[in-house]
Amino acid sequence: MSDSLWTGGSYPEEDVAEGKTFGMLGYLTGGLIGIVALIQKDNAFAVYHGKQSLGLWVLMGGVMFPLGIVYGLVASILPFLGILLFLPILVVLLAGIALAIVGALAAKKGVYQPLPFIGTKIEEVFRGIQKEG
């Protein structure tokens with residue numbers, strides 16, 4: 001199997017048909033269903049979108065957590081700056097939601113499509129996780 005599922009190759013149509021639900025729900029549940037798809041590992045399509053959704057939500061948590069801490073500290077000391085610091089948090093949150101929608105739509109369409117901007121890097125990070133069997 002290719003390291004990059006979206007670049008050529010032939011993938012079983014039954015994997016796509018059976019994995020669409022897991023793929024879509026992975027993005028819409030904050031990666032929780034993506035984890036289930038990765039544990040199961042019996043459907044290449046679900047595993048692919050599971051990796052993409054899990055990567056998206058891990059990245060979102062990794063960015064939002066420190067932003068939230070900084071926001072809390074600054075807003076408690078200088079409330080007027082807290083309003084300005086809320087803007088980057090809002091931008092990151094909306095970007096994450098937009099990427100989740102893009103990923104869910106790709107899964108619904110039945111395509112192996114990396115998330116814009118981050119999908120290729122996510123695939124590199126999770127390269128070792130593949131469909132078993």
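The values are calculated or read from the model by the stated rules, or taken from the named source; none is laboratory data. Everything quoted here is computed from the prediction, not taken from an experiment. Counting neighbours? That spans all protein chains shown, and the Cβs are built from the backbone with ideal geometry, glycine included.
Across the range 3-34, what is the number of residues that are of a type in the set (A, V, I, L, M), part of a helix (DSSP H, G or I), at pLDDT below 85 and crowded, with 16+ Cβ neighbours inside 10 Å? Going through the range 3-34 one residue at a time, the tally reaches 1.
Is it true that Met64 is in contact (Cβ under 8 Å) with a residue 60 or more places away in the chain and either closer than 28 Å to Glu14 by Cβ or surrounded by 14 or more Cβ atoms within 10 Å (Cβ to Cβ) (or both)? In short, no.
For the range 35-45, the set of residues classified as in contact (Cβ under 8 Å) with a residue 60 or more places away in the chain and either crowded, with 22+ Cβ neighbours inside 10 Å or part of a helix (DSSP H, G or I) (or both) consists of Leu38, Asn43, Ala44, Phe45, listed by residue number. For the structure I just gave you, tell me whether Phe80 is over 19 Å from Glu124 (Cβ atoms), out of contact with any helix residue (DSSP H, G or I) (no Cβ under 9 Å at 6 or more places or on another chain), at pLDDT below 90 and assigned to a helix (DSSP H, G or I). Considered against the rule, which asks whether it is over 19 Å from Glu124 (Cβ atoms), out of contact with any helix residue (DSSP H, G or I) (no Cβ under 9 Å at 6 or more places or on another chain), at pLDDT below 90 and assigned to a helix (DSSP H, G or I), Phe80 comes out as yes.
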